[in-house]
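Down below is the structure, laid out as structure tokens.
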Amino acid sequence: MQIHPLITDSKDLAALCERLARSAWVAIDTEFMRENTYWPELCLVQIADQHEAAAIDPKAPGLDLTPLLDLMVNNEDVLKVFHAGGQDLEIIYNLTGKTPHPLFDTQIAAMALGLGEQIGYGNLVDAWMGVTLDKGARFTDWARRPLDKRQIDYAIGDVTYLIQIFPMMLEKLRATGRGDWLDDEMERIGEPSNYENLPEEAWKRVRISSRKPDVLGRLKALAAWRETEARDKNIPRGRIVKDETLADMASHPPRHQDDLGKVRGLSASWKSNDIGRRLMQALEQAQPLSREEMPERDPKRPGLGKDGALVADLLKLLLKIRAKEIDVAARLIARTDDVEMLAAGVREGLCILEGWRFEQFGRDALDLVEGRLAFTVVEGKLLMTRT
């Protein structure tokens, strides 16, 4: 495989992308910094096919990333391969408003091949290639220039090994008949709405005990204000106001800007500065949450009760047994919400009652809750029997 020098020139990048566009698949990874910013700061992009690999410096003066972004989000003929690609997809979405498609995530594929729920890249390379990666450059400052050879070599390794591992994984998935199991998971992680950060939806990520419409209305207004402030200043939202302080002000709103100086978690200067004034304006404009917007008391989880909780525990035991039998990560088969909903009597809209999940787990899970399957212990071994 040819490893190119660091790409900093638009002409070189366009030529590379033109060649890669003829490949069946490419491996992609990014290096970024986000500790001190609202938007992740893209510092390096690594990309490879079976013939060549390169690191691209998005911070190079005048570098036009358009050919690279077009390859990622507008080329449906090239499969984009990531490992644990959620944050990579977020960055691409922020730059384009789209996510790569079609895509393949080797961390998710590893779940179907019995390699655990969240295998790291280093362990993946070790398992498939027998290579121990040098992680010394992992936590370096990727925004600092110039990048040294060790950093670039480390970063390139994230795609040169991935491009070799992917076809091996694909072959094993085909041999085991599990390739189709991953289709809906890949579509799920590639859904663009996963990466939206709408200010008007930000309140849903803040924990608060109150269910009063006026309190939640204030929380919605404050969370949207904080999101806008953080975006405008490009700093983490927690640097504006922490969640606990936001929830406290929603529950016990200050009446006047002078009162902000007494709010725990806020600087005393807010009682007279512009950001304090904007916070008070957000509070003054807050409206009680409408009935349609009110969250369910326990979203997606009908009341289990004591007996239902016991049934859910039995289902989780069954899930653990089934996952071990077929050597698949339990999380790929079913999530806790679905198991608890089945235990609570829900029968519609559960993914475990459809497709391969029904064949591998859902049918037995349904039989268990409806009394057609039972656990027994024979010679010290836990077995399932039909009743």
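Observations, loosely collected:
- Restricting segment 139-152 to residues that are of a type outside the set (A, V, I, L, M, F, W, C) and in contact (Cβ under 8 Å) with a residue 12 or more places away in the chain, the residue that is surrounded by the most Cβ atoms within 10 Å (Cβ to Cβ): Gln151
- Any hit, segment 5-27, residues being farther than 19 Å from Thr160 by Cα, at pLDDT 95 or above and part of a loop (DSSP other than H, G, I, E, B): yes
- Qualifying residue in segment 30-50 (condition: among the aliphatic types (A, V, I, L, M) and assigned to a loop (DSSP other than H, G, I, E, B)): no
- Ile189 β-branched (Val, Ile, Thr), in the same structural domain as Gln107 (by TED's automatic domain parsing) and either closer than 23 Å to Met294 by Cα or in contact with a strand residue (DSSP E or B) (Cβ under 8 Å, 6 or more places away or on another chain) (or both): yes
- Selection from segment 215-228 of residues that are surrounded by fewer than 24 Cβ atoms within 10 Å (Cβ to Cβ) and either under 24 Å from the mean Cα position of the chain (by Cα) or polar (S, T, N, Q) (or both): Ala224, Glu227, Thr228
Rundown of residues vs (1) assigned by TED's automatic domain parsing to the domain that holds Asp180; (2) assigned to a loop (DSSP other than H, G, I, E, B); (3) in contact with a His (Cβ under 9 Å, 6 or more places away or on another chain), yes/no style:
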position	(1), (2), (3)
Gly276	no, no, no
Met280	no, no, yes
Arg291	no, yes, no
Leu310	no, no, no
Arg322	no, no, no
Glu340	no, no, no
Arg347	no, yes, no
Phe358	no, no, no
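- Residue that is in the same structural domain as Thr160 (by TED's automatic domain parsing) and not in a helix (DSSP H, G or I), where the choices are Ala110, Ala53: Ala53
- Asn123 meets each of the listed conditions (1) touching a residue at least 40 places away in the same chain (Cβ under 8 Å); (2) polar (S, T, N, Q); (3) closer than 17 Å to Met168 by Cα apart from (1).
- Note on segment 60-89: residues that are surrounded by fewer than 20 Cβ atoms within 10 Å (Cβ to Cβ), in contact (Cβ under 8 Å) with a residue 40 or more places away in the chain and closer than 23 Å to Asn197 by Cβ total 3.
- A single entry from Val131, Val159 fulfils the requirement of being modelled with pLDDT of 90 or more and outside any loop (DSSP other than H, G, I, E, B): Val159.
- Applying a threshold of 6 Å to beta carbon distances and a minimum spacing of six or more residues, or different chains, the list of pairs starting in segment 44-55 at a residue that is farther than 17 Å from Ala137 by Cβ and ending at one that is hydroxyl-bearing (Ser, Thr, Tyr) and not in a strand (DSSP E or B) reads Ala48/Thr160; Asp49/Ser23.
- Meets criteria (within 17 Å of Asn197 (Cβ to Cβ) and aliphatic (A, V, I, L, M)) for Ala250: no
- Test: residue in segment 303-313 that is of a type outside the set (Gly, Ala, Ser), exposed (fewer than 11 other Cβ atoms within 10 Å of the Cβ) and modelled with pLDDT under 95: yes
- Residue within segment 192-199 that is of a type in the set (A, V, I, L, M) and within 30 Å of Gly217 (Cβ to Cβ) present: yes
- Take the conditions (1) farther than 27 Å from Ile119 by Cα; (2) free of Cβ contacts under 8 Å to residues at least 40 places away in the same chain; Pro295 misses just one of them, which is (2).
- Gln107 satisfies every condition listed in (1) without any contact (Cβ under 8 Å) to a residue 60 or more places away in the chain; (2) crowded, with 17+ Cβ neighbours inside 10 Å; (3) over 27 Å from Ala127 (Cβ atoms) except (3).
- Some residue of segment 173-180 being over 24 Å from the mean Cα position of the chain (by Cα) and under 30 Å from Pro61 (Cα atoms): no
- Ala155 being buried (at least 21 other Cβ atoms within 10 Å of the Cβ) and small (Gly, Ala, Ser): yes
- Scope segment 145-156; condition part of a loop (DSSP other than H, G, I, E, B) and out of contact with any helix residue (DSSP H, G or I) (no Cβ under 9 Å at 6 or more places or on another chain); matching residues: Arg145, Pro146, Asp148
The values are calculated or read from the model by the stated rules, or taken from the named source; none is laboratory data. Keep in mind the model is a prediction, meaning the values are calculated, not measured. Every residue, glycine as well, gets a Cβ built from its backbone with ideal geometry; the counts of neighbours run over all protein chains shown.
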